[in-house]
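For reference, the structure is listed below as structure tokens.
The values are calculated or read from the model by the stated rules, or taken from the named source; none is laboratory data. None of these values were measured; they are calculated from a predicted model. Every residue, glycine as well, gets a Cβ built from its backbone with ideal geometry; the counts of neighbours run over all protein chains shown. In case anyone asks, the SASA skips ligands and DNA or RNA and just uses the protein heavy atoms, side chains included. Shrake-Rupley method; radii C 1.70, N 1.55, O 1.52, S 1.80 Å.
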Amino acid sequence: MLLVFSTPAWSQEPPPGHGEAESAQENERASPGIFSLIPADSSTDHVLKTGDTDLPYTATAGTLDLIGQDGNRTAKIFYTAYVAKDRKPGRPLTFAFNGGPGAASAYLHMGLVGPKVLEFGETGDNGTTPVLKDNPDSWLAFSDLVLIDPVGTGWSRAASDEAAGNFYKVRQDAESLAKAIALYTQRNDRLDAPKYLLGESYGGFRAAKVAAALKDSQSMLVSGIVMLSPFLEGRFLGNSDDPLSAALQLPSLAAAEMERRGTFTPGGMKEAESFAMGTYLTSLAGPRPGGNAADGLYSRLAGMTGMPKDAIARTRGFLGDIYAKQMAGAGKVVSPYDASYAVPDAYPEAPYSQNDDPILDGYTRAYGSAFAAYARNDLGFKTEMTYSLLNTDVNRRWEWNGNRGGDARALASASTDLRDLLSVIPSFRLMIAHGYSDALTPYGVSRYVIDHMPPELANGRASLKVYRGGHMFYTRIPSRQAMAADARAFYEPKATE
């Protein structure tokens, strides 16, 4: 959700009763450390009420151990599993995680797929008194679910701070999650289940890397990936003076302005998309326009985005650095997570936004405390350890291609992983979902990635779905319902033909 290669010493955990597992247990008893705060797994029985039918299921809140070559635990991975009782053969199994890096899975868990959903009052942005309700659109209706918190998030912890650093890297993170998925699958005898990955934001990038790691290091093939508001190409993230990046973002800014005006239409979006990849892109890529050409360009951008024409002219049409403080008018600031959402500017005298993010640092923070209470009261997972929804230390220490942030992140890419998966797994399919007014990971980037795949790979197997709302569009009930219906069709294509 934040978005911003040495190898950790783990190995496959041996079966219970073998020397390494026994050694790990003895070492933990002798020096329990942080792991002593993590309770035993808890399983409870529940019923999902979806309107027409009741679905009995078992919920398990627990941990999976990663074991080092010396037989000691290097980390405990927290997960929550929801498994339907009396399931039919071939029932899918979905492993879900968020992004960050440093975000726990509570966003997807309580915002979209789980049997409970957190709602934020009549205005949709009240995090002070959120209400946890049954989720009639839970994906448990068509797939078993395993929601995973990567090391450093939720209740997942490494054995020490030094050991934790070994997990805060692109490849090592993917390998650790592939390990956890393989362990869960083996322990629960689900090898024959179609396996899917669901990832949000950096979690979309992560899903591609985890699928590759499952194939290469665990000999396990996934049936498909669902990416929600994914980060796919580092070169397009925050690259405010690149013409193509600006063109791919512009439709999302236009959608945000239409939402504010109450004039949103699919036709208006098509017009914005055509202008962005035509006149706008060529104008930014060419010499600075002048005269009537400049006046026409800046006037049209002002009409599309709500920004002052003079501010647009000063940046010659590049909007990435100014939209946050310019789109909603004087004294207001908008969130890149949903550029249609504005709040009073805490620092109106500053030339650029210095605000905490109104969405990430605002009402969505309630997902963390809500999940901790739900896990204790409903799932029976009682711990004195606090739940880390968004760990900025993980994000700060994250290594991209061997380095932290900057140019290293700009070189990060998931496109090649997706191409390889589509090529070597004939049944593999990809669904990417976005909110129209997400200016952080705009849907234009995902469309660009799919459009530039070989048609033999993408046709009929890679799809893009776009909904009203921003990065976390599922906080809007109609968008959450629409995505649940599209996800069911993705999982059950034969039933919808």
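Every condition in (1) of a type in the set (A, V, I, L, M); (2) open to solvent by 10 Å² or more (accessible area, probe 1.4 Å); (3) more than 19 Å from Pro130 (Cα to Cα) holds for Ala372 except the one numbered (3). Would you call Ala366 open to solvent by 20 Å² or more (accessible area, probe 1.4 Å) and closer than 12 Å to Ala106 by Cβ? The answer is no for Ala366.
For Asp161, indicate whether it is open to solvent by 20 Å² or more (accessible area, probe 1.4 Å), within 26 Å of Tyr491 (Cα to Cα) and of a type outside the set (A, V, I, L, M, F, W, C). Here the answer is no, as Asp161 does not meet what is asked.
Rundown of residues vs (1) touching an Asp or Glu at 6+ places or on another chain (Cβ under 9 Å); (2) open to solvent by 20 Å² or more (accessible area, probe 1.4 Å); (3) of a type in the set (Asp, Glu), yes/no style:
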residue	(1), (2), (3)
Asp41	no, yes, yes
Leu64	yes, no, no
Gly71	yes, no, no
Val83	yes, yes, no
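Figure legend. Inter-residue proximity from the range 311-325: first residues farther than 13 Å from Ser299 by Cα and among the hydrophobic types (A, V, I, L, M, F, W, C), second residues open to solvent by less than 30 Å² (accessible area, probe 1.4 Å) and in a helix (DSSP H, G or I), beta-carbon distance below 6 Å, spacing 6+ or different chains. Indicated pairs: Phe318/Ala246; Ile322/Ala311. Restricted to the range 123-142, and to residues there that are among the hydroxyl-bearing types (Ser, Thr, Tyr) and open to solvent by 40 Å² or more (accessible area, probe 1.4 Å), the residue that is nearest to Tyr474 (Cα to Cα) is Thr123. Residues in the range 165-175 that are open to solvent by 10 Å² or more (accessible area, probe 1.4 Å) and assigned to a helix (DSSP H, G or I) were compared, and the one that is nearest to Gly203 (Cα to Cα) is Val170. Given (1) open to solvent by 30 Å² or more (accessible area, probe 1.4 Å); (2) touching a Pro at 6+ places or on another chain (Cβ under 7 Å); (3) not aliphatic (A, V, I, L, M), where does Arg419 come up short, assuming only one miss? The number of the failed condition is (2).
For the range 442-475, a residue qualifies if it is surrounded by fewer than 18 Cβ atoms within 10 Å (Cβ to Cβ) and either over 19 Å from Ala414 (Cβ atoms) or at pLDDT below 95 (or both), and the qualifying residues are Pro455, Glu456, Asn459, Gly460, Arg468.
Scanning the range 339-360 for residues that are touching a helix residue (DSSP H, G or I) at 6+ places or on another chain (Cβ under 7 Å), surrounded by 23 or more Cβ atoms within 10 Å (Cβ to Cβ) and under 25 Å from Asn391 (Cα atoms) turns up just one, Ala339. Of the residues making up the range 185-203, those that are open to solvent by 10 Å² or more (accessible area, probe 1.4 Å) and part of a helix (DSSP H, G or I) number 2.
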